[in-house]
Amino acid sequence: MRDVEQVVRSILRDRNLGPCVTHHEILEPQPAAYTDYPAAAHPDLVAAYRRRGIERLYTHQARAAGLALEGEHFVAVTPTASGKTLCYNLPVLSALLADPGARALYLFPTKALAQDQLAELQELSAELPRPVAAHTYDGDTPQDIRARVRDQAQAVLTNPDMLHQGILPHHPRWAGFFANLRYVVIDEMHVYRGIFGSHVANVLRRLKRVARFHGADPVFCLSSATIANPVELARRLTGEDEIAPVTESGAPRGRKHLLLMNPPVLDQALGLRGSPVTLARKLARRFLRENVQTIAFVRSRLQVEVLARYLKDALEKTPDQAGMIRGYRGGYLPNLRREIEAGLRDGSIRGVVSTNALELGVDIGQLEASLLVGYPGSVASTWQQAGRAGRRAETSAAILIASSQPLDQYVVGHPETVVGRAPELGLIDPDNLHLLVSHIRCAAFELPFQEGEAFGTEPLEEILAYLEEKGVLHRSGRNWHWTADSYPAGEVSLRTAVPENFTVVELSDGQPRVIAEVDFDSAPKTIHTNAIYMLEGRPHHVDRLDWDARKAYVRRVETEYYTQAMTYSKVRILEAFATRPEPWGHSEWGEVHVVNHVPGYKKIKFYTLENVGYGEVDLPDLEMHTTAAWWTFDPALADRLGLTDAAFLEGLAGLSHLLQHLAALRCLCDVGDLGRALGDREGRWSFALSRSATGGSHLAGEAADPEQRLQPTLFLYEQYPGGSGLAEGIHIRTAALLADARELARQCPCEGGCPSCVGPAAESGAGAKAAALAVLGAVLGTR
């Protein structure tokens, strides 16, 4: 068996793979730094840890645990697999052993993480003279044991959504728990950014308010991946001014090879590169054939299934090899996910293809190679995924494989954007008035507000008076009481506007059984009738989608193709919050109504990626109110540039492709956080940003008035209902974004457009690049 070092050297020497490497860096090993257990740690717990082989602590573990044992809040910010769990478990379990009546609340962003940490707590508890009662409390907790959890569990593991909707509104039932609440653990703090983090900060305000009512003032223990402002984010999340940072890791780090790779150019004129999935397949096969346990992170659920299928075909040749390659993503049922996690830990699974679902701290053992198939969207996520390999003091490898998207191409051309750049800021705005009012309603339902009380930085009594006018509060003396019949927490979703999932029911064996779940937004694209739904690389044909019942009925098939939905969006302006006249039109941002439509799907052949057919989809449109930045262009600009209306629209379509990716880079968000559309201001017509989305016809919607020239409007809208502040930032950065777009398009060596600039010529139109550059030249020349 060759080691990781030899496999990396073979890649660098390979005549086909070697030239794809744009950057190679070696991160040298770092020895461990140890110290003794804090004196205040419970001796029974210290003995249990020592029986597990932990004779001494890493320095950061001892510092964090010591702070919490002394009643101080802390945030631990150290690399992946540095033992952050012990930072909070040591003080929490010490307190619960010293005082059986004490209670602790653990908050994890996902149910999977909570289950993983529960297993860790139960294993450790089994070695104690008196076990600690720990239990999860989430949507999967059976109704018949929920009362027992409330009354008897010393440590409750849950998620912000359940705390928001299932615990705080019912706090009288939890009176004993809240009265004795000593610690609140917030794991994976870096996840709580943007609109989700702003919601969670308000939930924590409500938690502290309820705890104070019951006489508790808990200590907050936070852990996070590396971000630029951990203390600031921790303060804004918890509302605590004094939070001690623990940032110097004492954990050992093995030698790590970091490679950036760009698939080869297949067509110089069109700027077409090889598929990153194809390159990942070659690299993964090389590692796995040398028995190097490998994880591949991909950017979509479909890519999970396709790459898992390819690796299974290549490596699972005999019955005893079956199951050595697995997929992992959202939608897999909990039991299947637990099975895969256990297989990774015990080594029976040698390779896994995952979305970012395994980026967070679920224990998956000691992997040796991590393939990042496409830039994850942020520096923090890049290092999280790269850190999944090398969890012991041994040599490991992390390889970032660029896609053809502009952001990926920028990263592999400028390695310093990842290797030498500080991670992103964790930014939240818990006083966003829309969110704040929603949570004040929830808080008023939980406890009456008193005169002089504060909730955030906005003037609370003005908001309470507004809610009184709306008839949901009633003032009695110095207090405001909830009077409405509604349940306000049920009206506020922390993550998405549509909580319903679809179930996937397999009929292959004659006995119906649920094999997966699909979130509401993904259903029209992945489980429409006649789709090929992939599960662990195995194709299933969707015989029927029952939209009203939220069920898709599938059967196992053998097929040479998979399906890919075609989509387009139509946007209508509801209100402009800011308008800036430009010589070429208007630059604005505000509230919009978005309609997402799936007209059909393509059949894509495995391996060759040939398009072997089309089909139609007839499902309801998905609608959303959100915020957007938009630019309306004067049709006279096309005349000045000598462009036909069709060429003008193709150029703007190409420009939208550039701006979407560059805005993600400028605003420090994921490309998937933004949608793009091209149409008119009223949403009467839209211009499909991919020819295949409408079977070759670009214009969709109501016919334009032949007496009136089209006034095209280019939209970048937020993919979250209500928006999260990105649209305003894009509006402010208009000049810089347009300049970046022109520079990137000029520097791209393709002739007529490619995925790295304005999009493939076959999708955007053969003249899209030239038209986009002409528009940019005119726009920037007039600024």
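The values are calculated or read from the model by the stated rules, or taken from the named source; none is laboratory data. Just so it is clear, the model here is predicted, and its values are computed rather than measured. Cβ coordinates were reconstructed from backbone atoms using ideal geometry, including for glycine residues, and neighbour counts include every protein chain displayed. Heads up: the accessible areas ignore ligands, DNA and RNA and are worked out on the full protein's heavy atoms, side chains in. Shrake-Rupley method; radii C 1.70, N 1.55, O 1.52, S 1.80 Å.
Taking the criterion of being closer than 23 Å to ASP621 by Cα and out of contact with any His (no Cβ under 8 Å at 6 or more places or on another chain), the residues of segment 462-494 that qualify are GLU491, SER493.
Quick one: is GLU462 in contact (Cβ under 8 Å) with a residue 12 or more places away in the chain and acidic (Asp, Glu)?
no
Looking only at residues of segment 627-649 that are surrounded by 15 or more Cβ atoms within 10 Å (Cβ to Cβ) and small (Gly, Ala, Ser), we find that the one that is nearest to LEU737 (Cα to Cα) is ALA629. Taken over segment 728-759, the residue count meeting the criterion of being open to solvent by 10 Å² or more (accessible area, probe 1.4 Å) and hydroxyl-bearing (Ser, Thr, Tyr) is 1.
Taking into account only those residues within segment 510-535 that are assigned to a loop (DSSP other than H, G, I, E, B) and open to solvent by 10 Å² or more (accessible area, probe 1.4 Å), which is nearest to LEU333 (Cα to Cα)? Among them, the one singled out is PRO512. Scanning segment 504-546 for residues that are more than 26 Å from the chain's Cα centre (by Cα) and closer than 26 Å to LEU622 by Cβ yields a count of 11.
Considering only residues that are outside any helix (DSSP H, G or I) and open to solvent by less than 10 Å² (accessible area, probe 1.4 Å), which ones fall in segment 339-350? If the condition is that a residue be outside any helix (DSSP H, G or I) and open to solvent by less than 10 Å² (accessible area, probe 1.4 Å), then ILE349 is the only one that fits.
If the condition is being surrounded by 18 or more Cβ atoms within 10 Å (Cβ to Cβ), of a type in the set (S, T, N, Q) and either touching a Cys at 6+ places or on another chain (Cβ under 8 Å) or modelled with pLDDT of 85 or more (or both), then segment 223-274 contributes SER223, SER224, THR238, SER249, ASN262.
For LEU336, state whether it is buried (at least 23 other Cβ atoms within 10 Å of the Cβ) and either among the hydrophobic types (A, V, I, L, M, F, W, C) or under 21 Å from HIS24 (Cβ atoms) (or both). Criteria not met by LEU336.
In segment 240-253 there is no residue that is touching a helix residue (DSSP H, G or I) at 6+ places or on another chain (Cβ under 7 Å) and among the basic types (Lys, Arg). As a summary of the residue check, LEU283 satisfies the conditions (1) within 30 Å of HIS164 (Cβ to Cβ); (2) of a type in the set (A, V, I, L, M, F, W, C); (3) assigned to a helix (DSSP H, G or I) except for the one numbered (1).
Set side by side, the residues ARG150, ARG212, ARG205 differ, and just one is in contact with a Lys or Arg (Cβ under 8 Å, 6 or more places away or on another chain), of a type in the set (Lys, Arg) and closer than 24 Å to ALA102 by Cα, which is ARG150.
Mind checking whether some residue in segment 171-184 is at pLDDT 95 or above, of a type in the set (Lys, Arg) and touching a Leu at 6+ places or on another chain (Cβ under 9 Å)? Among the residues of segment 171-184, at least one is at pLDDT 95 or above, of a type in the set (Lys, Arg) and touching a Leu at 6+ places or on another chain (Cβ under 9 Å), which makes the answer yes.
Go through the residues of segment 76-90 one by one and say whether even a single one is on the phi < 0 side of the Ramachandran plot and out of contact with any helix residue (DSSP H, G or I) (no Cβ under 9 Å at 6 or more places or on another chain). Checked segment 76-90: no residue is on the phi < 0 side of the Ramachandran plot and out of contact with any helix residue (DSSP H, G or I) (no Cβ under 9 Å at 6 or more places or on another chain).
Scanning segment 1-32 for residues that are part of a loop (DSSP other than H, G, I, E, B) and either touching a Leu at 6+ places or on another chain (Cβ under 9 Å) or of a type in the set (Asp, Glu) (or both) yields a count of 4. For segment 579-626, a residue qualifies if it is closer than 29 Å to ALA638 by Cα, surrounded by fewer than 20 Cβ atoms within 10 Å (Cβ to Cβ), within 29 Å of the chain's Cα centre (by Cα) and not hydrophobic (A, V, I, L, M, F, W, C), and the qualifying residues are GLY590, GLU591, HIS593, ASN596. Scanning segment 230-252 turns up one or more residues that are at negative phi, in a helix (DSSP H, G or I) and free of Cβ contacts under 8 Å to residues at least 24 places away in the same chain.
Can you name every residue in segment 448-463 that is open to solvent by 20 Å² or more (accessible area, probe 1.4 Å) and not polar (S, T, N, Q)?
First, pick out the residues of segment 448-463 that are open to solvent by 20 Å² or more (accessible area, probe 1.4 Å): 448, 450-454, 456-459, 461-462.
PRO448, GLU451, GLY452, GLU453, ALA454, GLY456, GLU458, PRO459, GLU461, GLU462, listed by residue number.
Screening ALA133 with (1) at pLDDT 90 or above; (2) within 19 Å of ARG51 (Cα to Cα) gives one miss only, at (2). Pairing each residue of segment 546-571 that is closer than 20 Å to ASN501 by Cβ with any residue that is open to solvent by 40 Å² or more (accessible area, probe 1.4 Å) and among the acidic types (Asp, Glu), provided the two are 6+ apart or on different chains, yields C-beta distances under 7 Å for ARG550/GLU500; TYR553/ASP543; VAL554/ASP543.
Kindly establish whether LEU360 is buried (at least 23 other Cβ atoms within 10 Å of the Cβ) and under 25 Å from the mean Cα position of the chain (by Cα). Taking the combined requirement at face value, the residue does not satisfy it.
Scanning segment 547-565 for residues that are under 19 Å from ASP621 (Cα atoms) and basic (Lys, Arg) yields ARG550, LYS551. Counting only residues that are under 15 Å from GLU575 (Cα atoms) and at pLDDT 80 or above, segment 719-732 holds 3 of them.
Of all the listed residues (THR579, THR626, THR608), the sole one being in contact with a Pro (Cβ under 8 Å, 6 or more places away or on another chain) and either farther than 20 Å from THR526 by Cα or part of a strand (DSSP E or B) (or both) is THR626. Report yes if PHE502 is of a type in the set (Phe, Trp, Tyr), open to solvent by 70 Å² or more (accessible area, probe 1.4 Å) and at pLDDT 90 or above, otherwise no. Considered against the rule, which asks whether it is of a type in the set (Phe, Trp, Tyr), open to solvent by 70 Å² or more (accessible area, probe 1.4 Å) and at pLDDT 90 or above, PHE502 comes out as no.
Taking helices (runs of 4 or more DSSP H) as the structural unit, those lying wholly within segment 72-170 and holding at least 2 residues that are surrounded by 17 or more Cβ atoms within 10 Å (Cβ to Cβ), without any contact (Cβ under 8 Å) to a residue 40 or more places away in the chain and within 30 Å of the chain's Cα centre (by Cα) correspond to 84-98, 111-125.
Condition test on VAL353, is it in a strand (DSSP E or B) and out of contact with any Ser or Thr (no Cβ under 7 Å at 6 or more places or on another chain)? Considered against the rule, which asks whether it is in a strand (DSSP E or B) and out of contact with any Ser or Thr (no Cβ under 7 Å at 6 or more places or on another chain), VAL353 comes out as yes. Summed over segment 315-331, the residues that are open to solvent by 20 Å² or more (accessible area, probe 1.4 Å) and in a strand (DSSP E or B) give a count of 1. For segment 59-71, a tally of residues being surrounded by fewer than 24 Cβ atoms within 10 Å (Cβ to Cβ), touching a Ser or Thr at 6+ places or on another chain (Cβ under 9 Å) and either within 23 Å of LEU367 (Cβ to Cβ) or aliphatic (A, V, I, L, M) (or both) returns 2.
Of all residues in segment 33-45, those that are assigned to a helix (DSSP H, G or I) have Cβ atoms under 6 Å from Cβ atoms of residues that are open to solvent by 30 Å² or more (accessible area, probe 1.4 Å), 6 or more apart or on another chain, in ASP44/PRO129.
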